[in-house]
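J.: So that we are looking at the same thing, I have put the structure below in structure tokens.
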Amino acid sequence: MYTRSYGDRSQTTGYLSRETITLRQYDNQVLEDFLFGCGVNNGGVFGLSAGLLGLSRGKLSFVEQSAQKYNRTFSYCLPTSSSSSGFLTFGKAVDKAASADVKYIPLTTVSEYFYGVKLDDIILDGIPLGISPVNLFSSPVTIIDSGTVITRLPETAYRDLRFEFRRYMEFQGYTLISPISILDTCYDLNFITKVHLPIISFLFADGTMVELDPNGIFYVFRLYRQGCLAFAGFPDYTGHTILGNTIQRTMEVVYDIDGGRIGFRSSACE
């Protein structure tokens, strides 16, 4: 038996099993004695998902169990909607997709499960926010996580970003509305065909700057014709910054674990 819980309070309990699996997309490569869980009691925000593919540093993740074949290297691109196509590649397939357009930054060790990066500042329309204190994002570290939806910033940093974003949107004439769940900077999009957004970029400790796609910084609730800044705050004392999957949309994110680096390539999918 196994029991596993996740940061968003989802949990699963079930039986551990071993099986031989064949990856048809990768020249029918075979992984023998692959260990996986069959959940019988699941709760949380899984929705209609058939299962979870573990891509962490953990010993039971797909990345670690397939390390001899794929060298702890993988990449993905998350599309903007279910009508668009993204991709997930492992091992040598990443090398074909990678190019001079990939911007690499160093990976840092957070724990046996998480991938860490060193974020220094956030830039809005070319102007650094000048987040203070300067080590706010590195105490203890910034985590990049494909399983977290909304990016969480220390409250001090989030307030600075929110202030500048709201000022920009007010200048553009958008109407601020009530918060939606943890998202507190939301706008009425009725009768609006195109939303004009500021350019938001991340500045990392090695000087690399990565520009986020507009689809990644603004979470749109199409049914209700509303949209929100896709960031939320964490209390500063938690020391956590989590780069969630919404801001990763349309970018290829390349994990070269043995090489100690992570890369970003813009406009890799729609």
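Bear in mind these aren't lab numbers, they're just calculated from the coordinates by the rules spelled out. Please read all numbers here as calculations on a predicted model, not as lab measurements. Neighbour counts run over all protein chains shown; Cβ positions are idealised from the backbone, glycine included.
J.: Shape of the range 73-265 from its Cα gyration tensor (a ≥ b ≥ c, root eigenvalues): rounded if a/c is under 1.5, otherwise prolate when a/b > b/c, or oblate? Please report the intermediate quantities before stating the final value.
T.: On the way: a/c = 1.90, a/b = 1.31, b/c = 1.44.
Verdict is oblate for the range 73-265.
J.: What list of ³J(HN,Hα) couplings, whole Hz, do you get for the range 115-124 from phi and the Karplus terms 6.51, -1.76, 1.60, once you set θ to phi - 60° and write x for glycine and proline?
T.: 9, x, 9, 10, 8, 9, 7, 10, 10, 10
J.: Which length gain, in nm to one decimal place, applies between Arg225 and Arg18 when the Cα-Cα distance is subtracted from 0.36 nm times their residue separation?
T.: Values: separation 207, 0.36 × 207 = 74.52 nm, distance 4.63 nm.
69.9 nm is the gain from fully extending Arg225 to Arg18.
J.: Another question about this same structure. Can you give the net charge of the other residues whose Cβ lies under 9 Å from the Cβ of Ile131, counting K and R as +1 and D and E as -1?
T.: On the way: positive: none; negative: Asp120, Asp121, Asp160.
Overall, the nearby charge balance is -3.
J.: If you don't mind, another one. Between the range 1-79 and the range 189-254, how far is it from one alpha carbon centroid to the other, in angstrom?
T.: Measuring centre to centre over Cα atoms gives 27 Å.
J.: On a full-extension model of 0.36 nm per residue, what is the gain between Thr175 and Asp206, subtracting their alpha-carbon distance, rounded to one decimal in nm? Don't skip to the end; give the middle numbers.
T.: Values: separation 31, 0.36 × 31 = 11.16 nm, distance 3.79 nm.
Length difference between fully extended and current span is 7.4 nm.
J.: If you don't mind, there's one more thing I want to ask. With a Förster radius of 51 Å, plug the Cβ-Cβ distance of Phe234 and Gln68 into 1/(1 + (r/R0)^6) and report the FRET value to the nearest 0.05.
T.: Details: r = 38 Å, r/R0 = 0.74.
Plugging the Cβ-Cβ distance into 1/(1 + (r/R0)^6) gives 0.85.
J.: Further question on the same structure: Tally the DSSP beta bridges in the chain and give the antiparallel ones as a percent, rounded to 5.
T.: The antiparallel fraction comes to roughly 90 percent.
J.: Quick one: Karplus J couplings for the range 61-76, per residue in order, coefficients 6.51, -1.76, 1.60, θ = phi - 60°, nearest Hz, x for Gly and Pro?
T.: Working through the residues one at a time gives 5, 4, 4, 6, 5, 10, 4, 5, 8, 10, 6, 6, 10, 7, 8, 8 Hz.
J.: Oh, and also: What list of ³J(HN,Hα) couplings, whole Hz, do you get for the range 141-147 from phi and the Karplus terms 6.51, -1.76, 1.60, once you set θ to phi - 60° and write x for glycine and proline?
T.: So the J values, rounded to whole Hz, are 5, 9, 9, 9, 9, 6, x.
J.: If I model a spin label as a point 7 Å beyond the Cα along the Cα-Cβ vector, how far apart are those points for Tyr2 and Arg261 in nm?
T.: It works out to 3.2 nm between the two label points.
J.: Name the residues whose placed amide hydrogens come within less than 5 Å of the amide hydrogen of Thr108, ignoring near sequence neighbours (fewer than 5 apart) on the same chain.
T.: Gly116, Val117
J.: Give me the angle, in degrees from 0 to 90, between the Cα long axis of helix 155-172 and the longest principal axis of the Cα atoms of the chain, rounded to the nearest 10.
T.: So the helix axis and the longest Cα principal axis differ by about 60 degrees.
J.: Going through the range 188-270, which trypsin sites (Lys or Arg not before Pro) have at most 12 other Cβ atoms within 10 Å and a DSSP loop state? List each step's numbers first, then the result.
T.: On the way: sites: Lys194, Arg222, Arg225, Arg249, Arg261, Arg265; in loops: Lys194, Arg225, Arg249.
Here the sparse-neighbourhood loop sites are Lys194.
J.: Also, quick follow-up: Quote to one decimal, in nm, the extra length available between Leu88 and Asp188 on full extension: 0.36 nm per residue of separation minus the C-alpha distance between them.
T.: Details: separation 100, 0.36 × 100 = 36.00 nm, distance 3.43 nm.
Separation in residues times 0.36 nm, less the Cα-Cα distance, equals 32.6 nm.
J.: Spit out the partnerless Cys residues in the chain, using Cβ distances under 4.7 Å as the pairing rule.
T.: Cys38
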